[in-house]
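Asks: Here it is, the structure, as structure tokens.
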2 protein chains.
Amino acid sequence: MILERRICKMAKTDLEIAQECVMEPIEKVAAKIGIPADSLEHYGKYKAKLSFDYLKSIENNPHGKLVLVTAINPTKAGEGKSTTTVGLGDALNRLGKKTMMALREPSLGPVFGLKGGATGGGYAQVVPMEDINLHFTGDMHAITTANNLVSACLDNVIHQGNELNIDPEKVTFKRCLDMNDRTLRNITIGCGAKANGVERKDGFNITVASEIMAALCLADDLMDLKKRFGKMLVAYTYDDKPVYVHDLGIEGALAMVMKDAVLPNIVQTLEHNPVLIHGGPFANIAHGCNSVIATKACLELADYTVTEAGFGADLGAEKFLDIKCRLANLKPNAVVIVATIRALKQHGGIALEDLKEENVEAMLAGCENLAKHIDTVQQFGLPYIVAINEFATDTPAEVAALEKWCEENNHPMSLSQVWAKGGEGAIDLANKVVALCDQENNYAPLYDLDKSIEEKVETIAKKVYGADGVDFTEEAQVQIAKFNELGWDKLPICMAKTQMSLSDDGKVMGRPTGFRITVRELRPSLGAGFIVALTGKVLTMPGLPKHPSALDMDVDEDGKIVGLF
Amino acid sequence: MILERRICKMAKTDLEIAQECVMEPIEKVAAKIGIPADSLEHYGKYKAKLSFDYLKSIENNPHGKLVLVTAINPTKAGEGKSTTTVGLGDALNRLGKKTMMALREPSLGPVFGLKGGATGGGYAQVVPMEDINLHFTGDMHAITTANNLVSACLDNVIHQGNELNIDPEKVTFKRCLDMNDRTLRNITIGCGAKANGVERKDGFNITVASEIMAALCLADDLMDLKKRFGKMLVAYTYDDKPVYVHDLGIEGALAMVMKDAVLPNIVQTLEHNPVLIHGGPFANIAHGCNSVIATKACLELADYTVTEAGFGADLGAEKFLDIKCRLANLKPNAVVIVATIRALKQHGGIALEDLKEENVEAMLAGCENLAKHIDTVQQFGLPYIVAINEFATDTPAEVAALEKWCEENNHPMSLSQVWAKGGEGAIDLANKVVALCDQENNYAPLYDLDKSIEEKVETIAKKVYGADGVDFTEEAQVQIAKFNELGWDKLPICMAKTQMSLSDDGKVMGRPTGFRITVRELRPSLGAGFIVALTGKVLTMPGLPKHPSALDMDVDEDGKIVGLF
């Protein structure tokens, strides 16, 4: 993580720490959790996929405990959910609890831009860090291929006589690349000669924003995934009827392209504990959780599974609990809410550049943001604990004040030092999580699926964001009427909202009240199985900064990488 | 191969034959040629990459014999070069000769379109066929990523103040996807708001047409590849100065992206002999040969290496011998020229739909095409043999007449039945190839590098195509003057010409005389290290047919694929 690195200038980079790790052969790591060596499809010595047959053989195993790691509304650097997930998993293993972690796959595009890797940080990392952040086992590339096969076949149908009567101005499915490339956001394709196809406006998403990714992450298995592909909406006809992938006749080809990508990937932490990394959908226009297949495999294999969901609890946890757990019939046992003193100060009104300075008062004011996320988790009927992800700039006074705030408000908490110490830094957290998991809980999603789209959105806005209500633009209202008519209204809602704030305005810190949420647009993700409600412009194709990380990357003659964060 | 399948309706498909093969673990296949198990980076049980360290450890081994398989000008179905290469390699192994094969990696895009797989056919195939034709070990995806990173960084420089003074109308480097997608040939990018980058015309190539691919295939190792990346031309400035990847500062990042893709892939034939499949550049705007790294590894490991080069001898063999062998300092020992009676009849004037009918006269007239390719190989100073790739429709009278023609003209020949019989079908061919390899030869490229661009093109046109001369369009002449000025004129020439004919008109069959070649455009591939001379419009992004193969593809619940040819 970039900010962490900048603060701890004397410390090693994540890459240096990762490269110092003497990894164990992946079959040895897998054996710890009882996975036999012949159930692995190797990708080099330190990465493997669990085989098709093996997944089938464990599918009736009883499930272990499921722990979700979520966070407050983050600063731009993130609060360290992945780092905490890895460190907590390592700590549980140190306590002798058979534990696996389920994480999202990093997107390659942002790696060349600004963002750090997505494999944790410091001494709570997953390795081989370079491989996971680069091509890994090719899942992202398979998704890119499947996505663009849909587009190529769609435009081919239009070009070859348009038997499906597709209106080129009503194509909803975009192309994708796993690259930060702003010039591909809005493009015109099919220019020039007639042989180059029919000209129309199009655009590229980054691969993680593809519905192929969202569908992968909610599928039970390859056959379910194939069905989901068939249901994906790609366009409307000239007379406004929906056109699905099934109408293109290529769900079989897409499933073929995805036949290996559907299998979860096993790697190891720096402490040689097994981690499944599989799937990584956007946390705004998609649900931001790793695959159901990976989470279930962990639950079937381990006594404890630690997983995370994108952004803060208002987005990640809500979707994990309202969409993923509901659709996959998962029973979560406890929630860890990660906060940093830095971010709490930001929520208390401090500017990014001043977060290094001690400010107990601002931090305590910012705790209101944390309080709202705790309230949300309580509404879902789940036990929770606050994990403070320690930074080098945290002062003893700040830490003491935060501990006192938690105590006074009866919030279980633990100081987590996983970045600096690995699993050893989360022993206290792990012990407390074990105790939480032994509690009975009343987990239930916040809304019923048979409510109207408006009611479902309002429930989330009021209960999770603390809004007074929701305004639907005229466009959104027209869409809702249409979706009702088409029978798409019984799906869960996937909110696309800024992660920086509880409101739909990214500049509003803390715990805002007396505000309303505006839903501007709705998008059906029928293959994934949810309706996306957009509260603002969501960028589904990032750009590169003026000095992209790519400029600092290199590989030497021994194949050793530098400059990958 | 599609035509073969249609003719032999009773026979099994290539996929069925491939799926029946009980493959050996790849470490067992590798051990046959002396590759130790710990030198392999596994990709599943049946695919692996040779490790970086292992390649270094063998680089001073003496080289074995090098056999090139080329062909006459093919029909649309191809003449069976890959099939012959695999069958001949299996046959040499049956004779007790330690033999490896070096093949090109198939492109994924055409798999969804019309083209069959590129892993041989019938009982002369490389397996796992499905994996090789799909994502394989991810090399194509790495190339796509590297290529599009160049484009993203280039457009980012233009967007972020354009410090390099790049003229957006003079960008020469295109984006790419491994997909047949005609609507991406000509596009306008950066549309809409200013935040979406600078609007300009662009286009996508299919990945195998990327210069990244050509550079990979001519590189000695990763460090050489990095250097080549730096040299790639991407654009010109407003004052017409060349802009290179080095100016973008990302050759290190590109090398990082390609660090695994640079390692050759080992797989097996149906007869469990080792094959390296690595790299597969277009055979028109690039040189159409597998990687130098793979070919050298084969030569270092085996007594015999059988390899092939794209299209007929006028393109594939010429480039193999004038570009690849020269740049990599390889010493070829013999050339196999593949012909089919079907294609000879086509060169004798028979239409595609009538090729099933016996026609000895037409076939003998078509032998003139074969005679020219033999003449070309002789000019390179190499011993050769004609291999007739048997088809079910060949009649005894046709075979006898062809044997007689070879005998009368003193051309060594062999009837190859590898499609039906595997290695057993090429025992005679293998014995004759061994004898040819024992001959001394006078291999030399056809032209000196220090000749002018015009002289080099004319040499190829006259000696290889049988043309009377070459006309350079005004555009081409301007480019040549510019290239001379920039010092790019000492590179070898990579001709982009139709593969269907010896002339630059794809409809002219047989052995045309009294014709001239027109060079319309020149393109510098400075990273690959050649100048491309285009004799007509070369399509670098194919389209899908009305009924793409994707419609017939599927995968069942056990992960078994159908409909992949």
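What follows is calculated from the coordinates using simple rules that are stated; it is not laboratory data. Note that the structure is a prediction, hence the values are computed from the model and not measured. Reconstructed Cβ throughout: ideal geometry from the backbone, glycine too, with neighbour counts over all protein chains shown.
Asks: Taking each residue of A:247-253 in turn, how many C-beta atoms of other protein chains fall within 10 Å of its C-beta, and what is the average?
Replies: Working: counts 0, 3, 6, 7, 2, 10, 13.
Averaged over the peptide's residues, the number is 6.
Asks: Sticking with this structure for a sec: Suppose every Lys and Arg Cβ carries +1 and every Asp and Glu Cβ carries -1, with no other charges. What dipole size does chain A come out with about its Cα centre, to the nearest 20 debye? All intermediate terms of the calculation are to be shown ahead of the outcome.
Replies: Numbers: 59 positive and 76 negative charges, 68 e Å.
Computed charge dipole of chain A: roughly 320 debye.
Asks: Which GluC sites (Glu not before Pro) from segment B:280-358 combine a DSSP loop assignment with at most 13 other Cβ atoms within 10 Å?
Replies: Values: sites: B:E300, B:E308, B:E318, B:E353, B:E357, B:E358; in loops: B:E357, B:E358.
Sparse-neighbourhood loop GluC sites (Glu not before Pro): B:E357.
Asks: Could you put B:V150, B:V69, B:V508 in order, starting from the residue whose Cβ has the fewest other Cβ atoms within 10 Å?
Replies: Details: B:V150 26, B:V69 30, B:V508 16.
Exposure proxy ranking, most exposed first: B:V508, B:V150, B:V69.
Asks: Among A:V519, A:V127, A:G230, flag the residue with its Cα farthest along the positive direction of the charge dipole of chain A, charges on Cβ as +1 for Lys/Arg and -1 for Asp/Glu.
Replies: A:G230
Asks: A further question follows. Specify, per residue and in Å³, the volume enclosed by the convex hull of the alpha carbon atoms belonging to segment B:422-565.
Replies: Values: hull volume 33.1 nm³, N = 144.
That works out to 230 Å³ per residue.
Asks: Enter the Cα centre distance for the pair segment B:476-511 and segment A:121-153, rounded to the nearest angstrom.
Replies: Measuring centre to centre over Cα atoms gives 39 Å.
Asks: Show me the trypsin sites (Lys or Arg not before Pro) within segment B:477-565 that DSSP assigns to loop and that have at most 16 other Cβ atoms within 10 Å of their Cβ. Walk me through the numbers on the way to the answer.
Replies: Numbers: sites: B:K482, B:K490, B:K497, B:K507, B:R516, B:R520, B:K537, B:K546, B:K560; in loops: B:K490, B:K497, B:K507, B:R520, B:K537, B:K546, B:K560.
Here the trypsin sites (Lys or Arg not before Pro) that fit, given the DSSP loop and packing criteria, are B:K490, B:K507, B:K537, B:K546, B:K560.
Asks: Okay, next question. Where the only charges are on Cβ atoms (+1 Lys, Arg; -1 Asp, Glu), what is the dipole of segment B:139-255 about its Cα centre, to the nearest 20 debye?
Replies: It comes to approximately 260 debye.
Asks: Further question: What angle, in degrees between 0 and 90 and rounded to the nearest 10, separates the Cα long axis of helix B:474-486 from the longest principal axis of the Cα atoms of chain B?
Replies: 70
Asks: Any idea what Rg and Dmax come out to for segment A:453-534 if you just take the C-alpha atoms, in Å?
Replies: Every Cα atom of segment A:453-534 included, Rg and Dmax give 12.7, 40 Å.
Asks: While we're here: Please list, in order along segment A:340-349, the HN-Hα scalar couplings obtained from phi with the Karplus expression 6.51 cos²θ - 1.76 cosθ + 1.60 (θ = phi - 60°), rounded to whole Hz, x for Gly and Pro.
Replies: 10, 4, 3, 5, 4, 5, 4, 5, x, x
Asks: Assuming 1.002 mPa s and 20 °C, estimate D for the protein assembly as shown with Stokes-Einstein, Rh taken as the Kirkwood radius over Cα pairs, in µm²/s.
Replies: Values: Rh = 30.8 Å.
Answer from the Stokes-Einstein relation: 70 µm²/s.
Asks: Something else now. Using only Cα atoms, find the angle between the long axis of helix B:360-379 and the longest principal axis of chain B, and express it within 0 to 90 degrees, rounded to the nearest 10.
Replies: 60
Asks: How far is it, in nm, from the label point at B:D438 to the one at B:T473 when both lie 7 Å from their Cα along the line to the Cβ?
Replies: For B:D438 paired with B:T473, the spin-label model returns 5.3 nm.
Asks: I would also like to ask the following. Among A:P492, B:T183, A:T376, whose Cα projects farthest towards the positive end of the dipole of the protein assembly as shown, with charges put on the beta-carbon of Lys, Arg (+1) and Asp, Glu (-1)?
Replies: B:T183
Asks: Quick one: which residues, 5 or more positions from B:R516 or on another chain, have an amide H under 5 Å from its amide H? H modelled 1.01 Å from N in the peptide plane, none for Pro or chain starts.
Replies: B:D468
Asks: Is there a simple number for the mean count of other chain Cβ atoms within 10 Å of the Cβ of residues in A:169-178, and what is it?
Replies: Numbers: counts 0, 0, 0, 0, 0, 0, 6, 0, 7, 4.
Per-residue shielding by partner chains comes out at 2.
Asks: How many nanometers, to one decimal and shortest first, lie between the label point of A:P396 and those of its other copies, if labels sit 7 Å from Cα toward Cβ?
Replies: In ascending order, 10.3 nm.
Asks: Length gain on complete extension for the stretch A:K482 to A:A37, per 0.36 nm per residue less the alpha carbon to alpha carbon distance? Display every interim value, and only then the final one.
Replies: Details: separation 445, 0.36 × 445 = 160.20 nm, distance 5.16 nm.
Here the answer is 155.0 nm.
Asks: By count of other Cβ within 10 Å, fewest leading, how are B:D155, A:D428, B:D438 ordered?
Replies: Values: B:D155 26, A:D428 16, B:D438 11.
By the 10 Å Cβ count, ascending, the order reads B:D438, A:D428, B:D155.
Asks: Still on this structure, please answer the following. Find which of B:I341, B:I206, B:V243 sits farthest along the positive direction of the dipole of chain B, computed with +1 on the beta-carbon of Lys and Arg, -1 on that of Asp and Glu, about the Cα centre.
Replies: Going by the Cα projections, it comes out as B:V243.
Asks: Okay, next question. Distances in nm, one decimal, shortest first, from A:K12 to the same residue in every other copy, taking the label point 7 angstrom along Cα→Cβ.
Replies: Its label point is 5.2 nm from the equivalent points in the other copies.
Asks: Can you show me the helix-derived [θ] at 222 nm for chain B, built from DSSP H runs with n ≥ 4 at -39,500 (n - 2.57) apiece and divided by the number of residues, rounded to the nearest 500. Working shown, then result.
Replies: Details: 21 runs with 189 residues, N = 565.
Calculated mean residue ellipticity at 222 nm is -9500 deg cm²/dmol.
Asks: Step through the residues of segment B:152-162 one at a time and calculate ³J(HN,Hα) from phi using the Karplus curve (6.51 cos²θ - 1.76 cosθ + 1.60, θ = phi - 60°), rounding each to whole Hz and writing x for Gly and Pro.
Replies: Residue by residue, segment B:152-162 yields 4, 5, 4, 5, 5, 4, 4, 5, 8, x, 6 Hz.
Asks: Continuing with the same structure: Using only Cα atoms and rounding to the nearest 10 degrees, what angle (0 to 90) does helix A:222-231 make with the longest principal axis of chain A?
Replies: The angle comes out near 50 degrees.
Asks: How many angstrom lie between the Cα centre of segment B:241-288 and the Cα centre of segment B:36-97?
Replies: That distance is 16 Å.
Asks: When a/c is below 1.5 the answer is rounded, else prolate if a/b is larger than b/c, else oblate, so apply that to segment A:139-255 with a ≥ b ≥ c taken from the square roots of the Cα gyration tensor eigenvalues. All intermediate terms of the calculation are to be shown ahead of the outcome.
Replies: On the way: a/c = 2.00, a/b = 1.25, b/c = 1.60.
Oblate, since a/c reaches 1.5 and b/c is not below a/b.
Asks: Can I ask one more? Suppose R0 equals 22 Å; then what is the FRET efficiency for B:E455 and B:T518 from their Cβ-Cβ distance, rounded to the nearest 0.05? List each step's numbers first, then the result.
Replies: Working: r = 17 Å, r/R0 = 0.76.
Efficiency for this residue pair is about 0.85.
Asks: With the cut-off at 1.5 for a/c, could you classify segment A:22-66 from its C-alpha gyration tensor as rounded, prolate or oblate? Walk me through the numbers on the way to the answer.
Replies: Working: a/c = 2.56, a/b = 1.54, b/c = 1.66.
It comes out oblate by the Cα gyration axes.
Asks: Enumerate the calculated ³J(HN,Hα) couplings along segment B:78-90 in order (Karplus 6.51 cos²θ - 1.76 cosθ + 1.60, θ = phi - 60°), each rounded to whole Hz, writing x wherever the residue is Gly or Pro.
Replies: These are the phi-based 3J(HN,Hα) values: x, 8, x, 5, 5, 4, 5, 4, 5, x, 5, x, 4 Hz.
Asks: What is the dipole size for the protein assembly as shown, taken about its Cα centre, with +1 at each Lys and Arg Cβ and -1 at each Asp and Glu Cβ, in debye to the nearest 20? Kindly include the intermediate steps, with their values, before the conclusion.
Replies: Details: 118 positive and 152 negative charges, 75 e Å.
Taking the Cα centre of the protein assembly as shown as origin, the dipole is about 360 debye.
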